Amino acid sequence: MFRRAKVFLHQVEQIPFINHALDRHYAKEFASATNVNWFKGVYPDFASAIADAPASKPLGYDNDAPASAEMYRFRMQAISPCDYPVAFWLNRLMEPNQKLLDFGGHVGVLYYALNKYLTFPEPFEWQIYDVPAVIREARKFASENSNSGHLSFIEDLAQAGANDWVLFSGSLQYVDEPLNSIIERLPYRPTYVLINMLPVHPRESYVTLQNISTAFCPYRIYGVGELFEDIQKLNGEVIDEWKNADKECVIPYHPDYSLDHYYGMLVRLKPLH
C-alpha cells in the first residue's frame, strides 16, 4: 500500500503545472535555508546556474564569510567510507620523494584524516590548491597544528611543482573547466590522477546549483562519456573504478537528473610522445 501511494505521489508531482508549482515553492526555501546541503535546478552551464542563484548568499567558497573556509572540519576526525579507495591506492603506490597536488583540497581535510591511518613515506609533500579565502584559512590552521609537516599551499596552478599525483576529492564538480584542461595547465605532467566523490550521470552532462549553507555554488555533473573523453585526451589508462555508495545528489522534482551514488577512479597517464 505504501509503495503504491509513493508511486502515485511521484506521478502526480510530474504533472507539468504541479511540478512547476512545487519547484517554485522549493526555490523559496532553497534561497534561505541554512545548515543544509541542497541542490536546485538543472542548467546547461555554469553561467545559467549563476544567473539563477538567489542574492541571499555569496557565490562560491572564495568569499568573506569565514564559515565557508572553515567547513568540513568534522571530516578530519576520521576517514569516511567514500575515502577508503583513496587511502587504499595511496597506501599501495605512494613512494618517497613524491609530491601530491590536492586540487580543491580545502584546508587539507583529507590529509589530516589520512594522516591518522597512513604512514607517509619520507620525504613526501602534500600540496593544497584552493581559492584564496580557503588558502588563508588553511595556512592559519596548519600553523596551529603539529601534524601538518607534509603540507604546502598554493592558490595559483602555475605555482604547482613536479607533482607525481593530482587528487580531485569532491572538487572537480566546482570548476567550469574540463579535467584534461586542468591537467594540461600544470607545469609538469603527473603520473597518477586520482578522482573521488565525483557526480557522474550515465548519459548527460549538466549543471545544478548547490546550497552549502554559507554560499551558493554552481555544481557540475559529468556525463560518463564526457569524463572518459577527457581521460582519452590525456592519454590516460584507467587502473580502477568504484562507486561512492554513501554519496548522493538529489535534485528535487528532477528525478531523471538525481544521482544515488558518486564515482571515483584511478588513472595512470601514459608518457606523451
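The values are calculated or read from the model by the stated rules, or taken from the named source; none is laboratory data. These figures come from a predicted structure and were not determined experimentally. Neighbour counts run over all protein chains shown; Cβ positions are idealised from the backbone, glycine included. What goes into the accessible areas is simple: the full protein's heavy atoms, side chains included, and nothing from ligands, DNA or RNA. Shrake-Rupley method; radii C 1.70, N 1.55, O 1.52, S 1.80 Å.
Can you name the number of the only condition in (1) polar (S, T, N, Q); (2) open to solvent by 60 Å² or more (accessible area, probe 1.4 Å); (3) at pLDDT below 95 that residue 213 fails?
With (1) polar (S, T, N, Q); (2) open to solvent by 60 Å² or more (accessible area, probe 1.4 Å); (3) at pLDDT below 95 applied to residue 213, the lone miss is (2).
Would you confirm, using the coordinates I've provided, whether residue 182 is within 23 Å of residue 100 (Cα to Cα), under 13 Å from the mean Cα position of the chain (by Cα), open to solvent by less than 10 Å² (accessible area, probe 1.4 Å) and β-branched (Val, Ile, Thr)? Talk me through it step by step, then tell me what you get.
On the way: within 23 Å of residue 100 (Cα to Cα): yes; under 13 Å from the mean Cα position of the chain (by Cα): no; open to solvent by less than 10 Å² (accessible area, probe 1.4 Å): yes; β-branched (Val, Ile, Thr): yes.
In short, no.
What number of residues in the range 207-218 are of a type in the set (Val, Ile, Thr) and not in a loop (DSSP other than H, G, I, E, B)?
Of the residues in the range 207-218, 2 are of a type in the set (Val, Ile, Thr) and not in a loop (DSSP other than H, G, I, E, B).
Considering only the range 102-111, I want to know if a residue exists there that is surrounded by fewer than 20 Cβ atoms within 10 Å (Cβ to Cβ) and either more than 21 Å from residue 196 (Cα to Cα) or of a type in the set (Phe, Trp, Tyr) (or both).
Checking the range 102-111: not a single residue is surrounded by fewer than 20 Cβ atoms within 10 Å (Cβ to Cβ) and either more than 21 Å from residue 196 (Cα to Cα) or of a type in the set (Phe, Trp, Tyr) (or both).
Tally time: how many residues in the range 134-163 are surrounded by fewer than 16 Cβ atoms within 10 Å (Cβ to Cβ) and of a type in the set (Phe, Trp, Tyr)?
Of the residues in that region, 0 qualify.
State all residues of the range 42-65 that are within 9 Å of residue 208 (Cα to Cα) and open to solvent by 60 Å² or more (accessible area, probe 1.4 Å); if no residue qualifies, say none.
Those that are within 9 Å of residue 208 (Cα to Cα) and open to solvent by 60 Å² or more (accessible area, probe 1.4 Å): 44, 45.
Looking at residue 80, is it open to solvent by less than 70 Å² (accessible area, probe 1.4 Å), of a type in the set (S, T, N, Q), within 17 Å of residue 197 (Cβ to Cβ) and modelled with pLDDT of 85 or more?
yes
Confirm whether residue 248 is surrounded by fewer than 17 Cβ atoms within 10 Å (Cβ to Cβ), modelled with pLDDT of 95 or more and more than 15 Å from the chain's Cα centre (by Cα).
Considered against the rule, which asks whether it is surrounded by fewer than 17 Cβ atoms within 10 Å (Cβ to Cβ), modelled with pLDDT of 95 or more and more than 15 Å from the chain's Cα centre (by Cα), residue 248 comes out as no.
For the range 110-206, which strands (runs of 3 or more DSSP E) that fit wholly inside it have 3 or more residues that are touching a residue at least 12 places away in the same chain (Cβ under 8 Å) and more than 30 Å from residue 44 (Cβ to Cβ)?
On the way: elements: 124-129, 151-154, 165-169, 192-198.
Strands (runs of 3 or more DSSP E) meeting the threshold: 124-129, 151-154.
Is it the case that some residue within the range 115-128 is closer than 28 Å to residue 247 by Cα, within 21 Å of the chain's Cα centre (by Cα) and at pLDDT below 95?
Yes, the conditions are met somewhere in the range 115-128.
Right, residue 96: surrounded by fewer than 15 Cβ atoms within 10 Å (Cβ to Cβ) and modelled with pLDDT of 95 or more or not?
Answer is yes for this residue.
Going by what's in this entry, would residue 175 be described as surrounded by fewer than 20 Cβ atoms within 10 Å (Cβ to Cβ), within 30 Å of residue 55 (Cβ to Cβ), at pLDDT 95 or above and of a type in the set (Val, Ile, Thr)?
When the stated conditions are applied, residue 175 passes them.
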